[in-house]
Amino acid sequence: MYKASFLFLSLFLIFSQLSHAQEKNTLGLNEFFMMHYYTFEGNADQEKLNEIEQNLLKLDFVSEAKVKYKIEKNMGQIILVVKEKKITSEGDKIFSPTSIKQIILKSGLSPMEYSVGKYEAK
């Protein structure tokens, strides 16, 4: 009996971890993906760009994050895939682009233009 309950608990923990990992990339009812773009300028090395990308992935609603950078121009672009939800009540949380700006500023870079686009599935 003890072995069966331990096995059940172990399987439950494994499946809950897998479902949580996939949660950011799957859509529920009234959810959709949007692309968010933010350009920036300033000096950045690969380590700083990787750190920015990791911080972006920690943001709520962010499913994918990519940072592109042109060394010769000292300019770059952040590209995010964000899982958004149709607002159905006043208390619904939404993605805030100010969080992107804060990450750019904390990295010692200057934010420039922000835009939103339609998500095109790969």
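Every residue, every condition in (1) more than 20 Å from Met34 (Cα to Cα); (2) touching a Leu at 6+ places or on another chain (Cβ under 6 Å); (3) polar (S, T, N, Q), yes or no:
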{"residue": "Tyr69", "(1), (2), (3)": "yes, yes, no"}
{"residue": "Lys73", "(1), (2), (3)": "yes, no, no"}
{"residue": "Leu80", "(1), (2), (3)": "no, no, no"}
{"residue": "Glu90", "(1), (2), (3)": "yes, no, no"}
{"residue": "Lys93", "(1), (2), (3)": "no, no, no"}
{"residue": "Thr98", "(1), (2), (3)": "no, no, yes"}
{"residue": "Met112", "(1), (2), (3)": "no, no, no"}
{"residue": "Ala121", "(1), (2), (3)": "no, no, no"}
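Condition first: under 21 Å from the mean Cα position of the chain (by Cα), of a type in the set (Lys, Arg) and modelled with pLDDT of 90 or more. Can you find one or more residues in region 18-40 that meet it?
no
Looking only at residues that are assigned to a helix (DSSP H, G or I) and hydrophobic (A, V, I, L, M, F, W, C) in region 94-113, which one is nearest to the chain's Cα centre (by Cα)?
Ile100
With Tyr69, Tyr38 as the choices, which residue is within 22 Å of Lys93 (Cα to Cα) and of a type outside the set (S, T, N, Q)? Break it down stepwise before answering.
Details: Tyr69 fails: within 22 Å of Lys93 (Cα to Cα).
None of the other options fit; the residue is Tyr38.
Can you tell me which residue within region 81-105, out of those that are touching a residue at least 40 places away in the same chain (Cβ under 8 Å) and out of contact with any strand residue (DSSP E or B) (no Cβ under 6 Å at 6 or more places or on another chain), is nearest to Glu47 (Cα to Cα)?
This residue is Ile103.
Quick one: Lys48 ticks every box in (1) surrounded by 12 or more Cβ atoms within 10 Å (Cβ to Cβ); (2) modelled with pLDDT under 95 except a single one, so which number is it?
(2)
Select from region 56-74 the residues that are touching a residue at least 40 places away in the same chain (Cβ under 8 Å) and surrounded by 18 or more Cβ atoms within 10 Å (Cβ to Cβ) and list them in ascending order.
Answer for region 56-74, where residues must be touching a residue at least 40 places away in the same chain (Cβ under 8 Å) and surrounded by 18 or more Cβ atoms within 10 Å (Cβ to Cβ): just Leu56.
The values are calculated or read from the model by the stated rules, or taken from the named source; none is laboratory data. Since we're looking at a predicted model, the values are computed, not measured. Backbone-built Cβ (ideal geometry, glycine too); neighbour counts: all protein chains shown.
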